[in-house]
Structure formats: structure tokens, C-alpha cells
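K.L.:
The structure is given below, and queries will be raised subsequently.
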Amino acid sequence: MQILEKEIQTYQKELPNLLSEQGKYVLIHNQDINGPYVAYEDALNIGYEKYKLEPFLIKKIEENETVFFLSRDLQV
Amino acid sequence: MPHFTNKLTPSSGPLFDVVLNVSYPYLQQLKANGSPVPSMVPARALLDTGASGTVVDPSIIQKLAISPKGTGQFITPSTANVPHQAYTYDIALFLNHQGYSKPFLTLPVAELKLAHQGFEVLIGRDVLDKCLFIYDGPSRIFTLSI
């Protein structure tokens, strides 16, 4: 995944240090980590306030990432 | 709680019309920046209790001109036990009926191809959890309270 590649790498690197806040959300821009925030909306609002129209990533802190299930076969 | 009843379509089932836009915080940022604001996008949606999250077709993402804000893992019948990684986007979704509108102003959704199935949005349980949905098979109708 090329878009947000730096941010994804930052999240994966920092995840072990974030696990005490599981279930909350972090906001990541390049290597900067903000939060954690209780709600996705909080992270999103602060992300746009702080980074404007620049790319940023929001991830829910989870040791085992939630998998979404779709009963239909969708094309990627 | 306003509700509406519609006929089940023979091919797809419970379909109804929705409107999508960029998420509210992104809309505010575009306005503050003096950037052009995308038009609302009308779309056909399928109510799908088998989907844990909401999915939109790439054409919607293209029309809204938005970039991803997250990633997610998805399992479909063909992925077996190996989840497919996909980007997620924040959008605003409006369930409209007879002048009433239930907005979801910051909804994270996945982008996967749907349009070939006759609809552009798959409404999953993240949205249905906030509604009352009645599927009346024998009468070939469904009711959604929003």
C-alpha cells in the first residue's frame, strides 16, 4: 500500500508501546503520533485541524486488528 | 422514529437511494481553504446484514475526490482465511426519505468494486446498528426506521 506508507510503518513500529490504550484511536502524520483519542470522530477532527489537507492516518489501537466480514464476493 | 417501506428487488433485495458527500470535518477544511467543494453524490445502496462494515464503489471515491484515512482487513467468500487489505475513507452518508434525513457525518468506509452488481454502496451493520430493519420476505417488502 503506497499511500500512507510512512504512516502505516510508524503505526506498526509504535504499536507495542500503544497497547496499554487498546480500543482508542491514534492520528499519525509521517512519524508524528497524536492521541490516543476515545472516538474516531475526535481523531478525524483534530487531524483536519492540525494537518489541513495533508495526508494522515487514523488507526484503532488493537493487538489483533479487527477483520471486517463481507458475505458478498467483491472485486478488489 | 421515521420509517419507510419499499419493495424488495428480485435480483438484489433491499435497495434504496442514498446521498454521499465528503465527511463534515473535511468539508469544513475545504471551505476554510477556499478549495472547491465536491457535489453531493446520489447512489443506490443495498442493505446487507452480512457485511460488518459499509463499502462504497471506487466511482464514489473518485467523484468525491478524497484520499484514504485508514486501512482495514476484509474477508469475503473468495479470500478464505487470508484477509484482503484495503484503504478506508471518511465520508458523510445521508439516508433520505420524504424530507427526513438521517446523517452519518463521519463514517469510515472501505473501497471495493460494487457497481457491476447494480448498486454503488453496501450498507453494513455499522449503519444498520443505528436503525430498525425489517425484512418481510413473504410480502416482498422491507421497512427501515431511521
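The values are calculated or read from the model by the stated rules, or taken from the named source; none is laboratory data. Remember, it's a predicted structure, so these values are computed and weren't measured experimentally. As a convention, Cβ positions derive from the backbone with ideal geometry for all residues, glycine included, and neighbour counts pool all protein chains shown.
K.L.:
Taking region B:44-69, which residues are assigned to a strand (DSSP E or B) and on the phi > 0 side of the Ramachandran plot?
P.N.:
Passing the criteria: none in range.
K.L.:
Against the conditions (1) of a type in the set (Val, Ile, Thr); (2) buried (at least 18 other Cβ atoms within 10 Å of the Cβ); (3) farther than 19 Å from B:Gln73 by Cα, where does A:Val38 fall short? Just the number, please.
P.N.:
Going through (1) of a type in the set (Val, Ile, Thr); (2) buried (at least 18 other Cβ atoms within 10 Å of the Cβ); (3) farther than 19 Å from B:Gln73 by Cα one by one, A:Val38 breaks only (2).
K.L.:
So in region B:28-72, with the set limited to residues that are within 8 Å of chain A (Cβ to nearest Cβ) and polar (S, T, N, Q), which one is farthest from the chain's Cα centre (by Cα)?
P.N.:
The selected residue is B:Asn33.
K.L.:
While we're here: Please count how many residues of region A:9-65 are within 24 Å of B:Val22 (Cα to Cα), of a type in the set (Lys, Arg) and either out of contact with any helix residue (DSSP H, G or I) (no Cβ under 9 Å at 6 or more places or on another chain) or touching a residue at least 60 places away in the same chain (Cβ under 8 Å) (or both).
P.N.:
The qualifying residues number 1.
K.L.:
For the structure I just gave you, tell me whether B:Ala110 is in a strand (DSSP E or B), within 16 Å of the chain's Cα centre (by Cα), free of Cβ contacts under 8 Å to residues at least 60 places away in the same chain and under 22 Å from A:Tyr40 (Cα atoms).
P.N.:
yes
K.L.:
Hey, could you check region B:73-107 for residues that are among the aliphatic types (A, V, I, L, M) and in a strand (DSSP E or B) and say which is farthest from the other protein chains (Cβ to nearest Cβ)?
P.N.:
Restricting to residues being among the aliphatic types (A, V, I, L, M) and in a strand (DSSP E or B), the top hit is B:Leu95.
K.L.:
Can you confirm whether B:Leu112 is at pLDDT below 95 and more than 9 Å from chain A (Cβ to nearest Cβ)?
P.N.:
Spelling it out, it is not the case that B:Leu112 is at pLDDT below 95 and more than 9 Å from chain A (Cβ to nearest Cβ).
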